[in-house]
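**Student:** My structure is below; once you've seen it, I'll send some questions.
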Amino acid sequence: MGGDGSEFLQRDFSETYERFHAESLQNMSKQELIRENLELEKCLSRMEDENNRLRLESKRLGGGDDARVRELELELDRLRAENLQLLTENELHRQQERAPLSKFGD
């Protein structure tokens, strides 16, 4: 039963966090979204570099810290997903900004 409860709490936390994160992105201006996106791209690049470095080091040492590599891969996947979400939000904001202009042009 304890495992089920912790899974529920984890899932509930994740859903709440996702909702909060989506709301905070929706409240950002276009410039803030662009800045956030650029920061995520920098972070993603650093994580990819670190991941590649660790892979090479792991191969050189004949195994090494597989758990750390997997952890970084998961973080990389999370950052890619967040980057994609920001790009989508950015595009939505662009479309919303263009929409009022097209009404005046008709």
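**Student:** Please get the size of the charge dipole for the chain, origin at its Cα centre, with Cβ charges of +1 on Lys and Arg and -1 on Asp and Glu, quoted in debye to the nearest 20. Intermediate results must be reported in sequence, preceding the final value.
**Tutor:** Values: 17 positive and 25 negative charges, 86 e Å.
Approximately 420 debye in magnitude.
**Student:** Using R₀ = 25 Å, calculate the FRET efficiency as 1/(1 + (r/R₀)^6) where r is the Cβ-Cβ separation of E23 and L74; round to 0.05.
**Tutor:** Details: r = 25 Å, r/R0 = 0.98.
In this case the efficiency is close to 0.50.
**Student:** Same structure again: Between Rg and the Kirkwood Rh of the range 30-105, both from Cα atoms, what is the Rg to Rh ratio?
**Tutor:** Values: Rg = 18.4 Å, Rh = 14.5 Å.
Dividing the radius of gyration by the Kirkwood radius yields 1.27.
**Student:** Continuing with this model, one more query. For the chain, set up a Gaussian network in which alpha carbons nearer than 10 Å are linked by springs, and say which option among N27, N83, N37 fluctuates the most.
**Tutor:** It is N27.
**Student:** Return one number: the angle in degrees, 0 to 90 and rounded to the nearest 10, between the long axis of the Cα atoms of helix 66-105 and the longest principal axis of the Cα atoms of the chain.
**Tutor:** Approximately 10 degrees, to the nearest 10.
**Student:** Which peptide among 6-15, 41-50 comes first, and what is the full order, when sorted by highest mean count of other Cβ atoms within 10 Å?
**Tutor:** On the way: 6-15: 10.0, 41-50: 13.5.
The most tightly packed comes first, giving 41-50, 6-15.
**Student:** Would you look at the GNM of the chain, springs on alpha carbons closer than 10 Å, and say which of L79, L61, L25 moves the most?
**Tutor:** L61
**Student:** Just from its helices, what would the mean residue ellipticity at 222 nm be for the chain, if runs of 4 or more DSSP H residues each count -39500 (n - 2.57) and the sum is divided by every residue, rounded to the nearest 500 deg cm²/dmol?
**Tutor:** On the way: 3 runs with 97 residues, N = 106.
So the helix-based figure for the chain works out to -33500 deg cm²/dmol.
None of the figures in this text is laboratory data; all of them are computed from the coordinates on show. Only a predicted model underlies this, so the values are computations on that prediction, with no experimental measurement involved. As a convention, Cβ positions derive from the backbone with ideal geometry for all residues, glycine included, and neighbour counts pool all protein chains shown.
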